[in-house]
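Enquirer: My structure is below; once you've seen it, I'll send some questions.
The values are calculated or read from the model by the stated rules, or taken from the named source; none is laboratory data. Just so you know, these numbers come straight off a predicted model, no measurement behind them. All Cβ positions, even for glycine, are placed from backbone atoms using ideal geometry, and neighbour counts span all protein chains on display. Areas reflect the complete protein model, heavy atoms only, side chains present, ligands, DNA and RNA absent. Shrake-Rupley method; radii C 1.70, N 1.55, O 1.52, S 1.80 Å.
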Amino acid sequence: GHAYVAEAHVLFSVPSMPDYGKLSKRPLDEMIAGARVDIAPYKRDPMDFVLWKPSKPGEPAWPSPAGIATPGRPGWHLECSAMSDRWLWDEAKASLGPAGLAHPHEFDIHGGGIDLVFPHHENEIAQSRCAHATPVMAQYWLHNGFLQVEGEKMSKSLGNFITIHDLLKEWPGEVVRFNMLRTHYRQPIDWTKKGLEESQATLDRWGEISDRIGGSLVEGLLPDLAVIEALKDDLNTPLAIARLHELAKEARGGNESAGEKWLASAEFLGFDVSRWHARAQSSELVEVTDPELALSVKSLVAQRGEARKSKNFKEADRIRDELAARGVILKDAKDPATGEIVTTWELAR
């Protein structure tokens, strides 16, 4: 009673579901304007959406489950419900048995980008609920904000598309994770090199504190209550991190209890700060903790750069060896904008 066939299409009848639009909470006229679909003459209602459509030449095609002669394929929204059926609910039944599922055909948590709330998730809810006669499709919906890179929307066409695999070639995984958690998941993230450097410098400083207070977690010590409360409030990770900064400041001042809570809370969030301190120090941290050393290293790095430009590679290698003997690790990389070699450095432990 929720679907009908029209001109080789199978369509979902939106008026058949009284609480359609509950997720996005948008007025009907606004939803119609935002649907971005053709108001085809074969639709009973402008809001009705495609469950099955005829395949164009060269597209994948299957015999229609509704008995339509024309071969076709599922609509975009239906693909997600079908995958949920096959890979979540059916798999759960196979492993737990029907009695092991408290709510068959319901998610605990369903995620996605903020741009998918309407129409995609709204339609996914409608077809899944009506197919299985369930009151909800998911108990909680988490929609993340857009991702930008250096102030611009990430896209392949702009050439600023970065994958996690690419980032991990240059940055430790904990730095990447910390940089993400600094922004609330529902807010836009502006992914910048400066942000990554700040995140690494924070973890470096935390490693210093861990070293100072002993770096060993007392067994059974619970995370700070304020950190837990922040996470319970819609995963407010920026607030949790702000509390970690407060505890770190108290720990630096000699507050032993704050140090233990800080260490337990950091590890609760997945940051092994005592292990992190065994890594190399970033140049930013060295500038804070040992400005004289940082100034000396920067001078030698500049001299090496000049030697490379003048093709005096023997001198460049000598400077590199001198820095290596002092525990300085150099990294040469090509600047994609200028094509020039840029040298960064860090201090090995």
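Enquirer: Across segment 124-139, which residue is nearest to Met17 (Cα to Cα) among those that are open to solvent by less than 30 Å² (accessible area, probe 1.4 Å) and over 21 Å from the mean Cα position of the chain (by Cα)?
Expert: For segment 124-139, the residue satisfying everything is Ala126.
Enquirer: For segment 157-176, which positions are among the aliphatic types (A, V, I, L, M) and open to solvent by 90 Å² or more (accessible area, probe 1.4 Å)?
Expert: Answer for segment 157-176, where residues must be among the aliphatic types (A, V, I, L, M) and open to solvent by 90 Å² or more (accessible area, probe 1.4 Å): just Leu158.
Enquirer: Here's another thing I want to ask about it. For segment 44-68, which positions are over 37 Å from the mean Cα position of the chain (by Cα), more than 19 Å from Asp19 (Cα to Cα) and either open to solvent by less than 50 Å² (accessible area, probe 1.4 Å) or of a type in the set (Gly, Ala, Ser) (or both)?
Expert: Ser64, Ala66, Gly67, Ile68
Enquirer: Being outside any helix (DSSP H, G or I) and either touching a helix residue (DSSP H, G or I) at 6+ places or on another chain (Cβ under 9 Å) or open to solvent by less than 20 Å² (accessible area, probe 1.4 Å) (or both) is the filter here, so list the residues in segment 106-123 that pass it.
Expert: Glu106, Phe107, His110, Gly112, Gly113
Enquirer: So, one more: Quick check: is even one residue across segment 286-300 modelled with pLDDT under 90, of a type outside the set (Lys, Arg) and not in a helix (DSSP H, G or I)?
Expert: The first filter runs over segment 286-300 and keeps only residues modelled with pLDDT under 90, leaving 286-294.
Retained after the next criterion (residues that are of a type outside the set (Lys, Arg)): 286-294.
Narrowing further to those that are not in a helix (DSSP H, G or I): 290.
Yes, that holds for at least one residue.
Enquirer: Take Ala294 and decide whether it is surrounded by 10 or more Cβ atoms within 10 Å (Cβ to Cβ), closer than 18 Å to Lys194 by Cβ and free of Cβ contacts under 8 Å to residues at least 24 places away in the same chain.
Expert: The answer is yes for Ala294.
Enquirer: Just the residues that are within 20 Å of Asn236 (Cβ to Cβ) and not in a helix (DSSP H, G or I), please, taken from segment 192-225.
Expert: Leu222, Pro223, Asp224
Residues checked against (1) within 21 Å of Gln200 (Cβ to Cβ); (2) open to solvent by 50 Å² or more (accessible area, probe 1.4 Å):
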{"site": "Ala307", "(1), (2)": "no, no"}
{"site": "Lys311", "(1), (2)": "no, yes"}
{"site": "Asp317", "(1), (2)": "no, yes"}
{"site": "Asp321", "(1), (2)": "no, yes"}
{"site": "Gly327", "(1), (2)": "yes, no"}
{"site": "Leu330", "(1), (2)": "yes, no"}
{"site": "Ala333", "(1), (2)": "yes, yes"}
{"site": "Ala337", "(1), (2)": "no, yes"}
{"site": "Trp345", "(1), (2)": "yes, no"}
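Enquirer: Contact list please: Cβ distance under 8 Å, first residue in segment 140-156 and on the phi > 0 side of the Ramachandran plot and loosely packed, with under 13 Cβ neighbours inside 10 Å, second residue among the β-branched types (Val, Ile, Thr) and part of a loop (DSSP other than H, G, I, E, B), pairs at least six apart or on different chains.
Expert: What qualifies is Glu150/Thr192; Gly151/Thr192.
Enquirer: What number of residues within segment 252-285 satisfy the criterion of being assigned to a helix (DSSP H, G or I) and either under 19 Å from Ile228 (Cβ atoms) or modelled with pLDDT of 90 or more (or both)? Let's see the steps before the verdict.
Expert: To start, the set of residues in segment 252-285 that are assigned to a helix (DSSP H, G or I) comprises 252, 256-268, 273-276, 283-285.
Retained after the next criterion (residues that are either under 19 Å from Ile228 (Cβ atoms) or modelled with pLDDT of 90 or more (or both)): 257-268, 273.
Of the residues in segment 252-285, 13 are assigned to a helix (DSSP H, G or I) and either under 19 Å from Ile228 (Cβ atoms) or modelled with pLDDT of 90 or more (or both).
Enquirer: Sort out which residues of segment 139-191 are in a loop (DSSP other than H, G, I, E, B), modelled with pLDDT under 90 and in contact with a helix residue (DSSP H, G or I) (Cβ under 9 Å, 6 or more places away or on another chain), and write them in order of number.
Expert: Phe146, Glu150, Glu170, Trp171, Pro172 - these are the residues of segment 139-191 that are in a loop (DSSP other than H, G, I, E, B), modelled with pLDDT under 90 and in contact with a helix residue (DSSP H, G or I) (Cβ under 9 Å, 6 or more places away or on another chain).
Enquirer: Kindly establish whether Leu330 is of a type in the set (A, V, I, L, M) and either on the phi > 0 side of the Ramachandran plot or not in a helix (DSSP H, G or I) (or both).
Expert: In short, yes.
Enquirer: Same structure, new question: So how many residues does segment 227-238 have that are surrounded by fewer than 17 Cβ atoms within 10 Å (Cβ to Cβ) and part of a helix (DSSP H, G or I)?
Expert: Qualifying residue count, segment 227-238: 5.
Enquirer: Among Leu244, Leu203, Leu222, which is hydrophobic (A, V, I, L, M, F, W, C) and surrounded by fewer than 17 Cβ atoms within 10 Å (Cβ to Cβ)? Can you show your working first?
Expert: On the way: Leu244 fails: surrounded by fewer than 17 Cβ atoms within 10 Å (Cβ to Cβ); Leu203 fails: surrounded by fewer than 17 Cβ atoms within 10 Å (Cβ to Cβ).
Step by step, each of Leu244, Leu203, Leu222 is checked, and only Leu222 is hydrophobic (A, V, I, L, M, F, W, C) and surrounded by fewer than 17 Cβ atoms within 10 Å (Cβ to Cβ).
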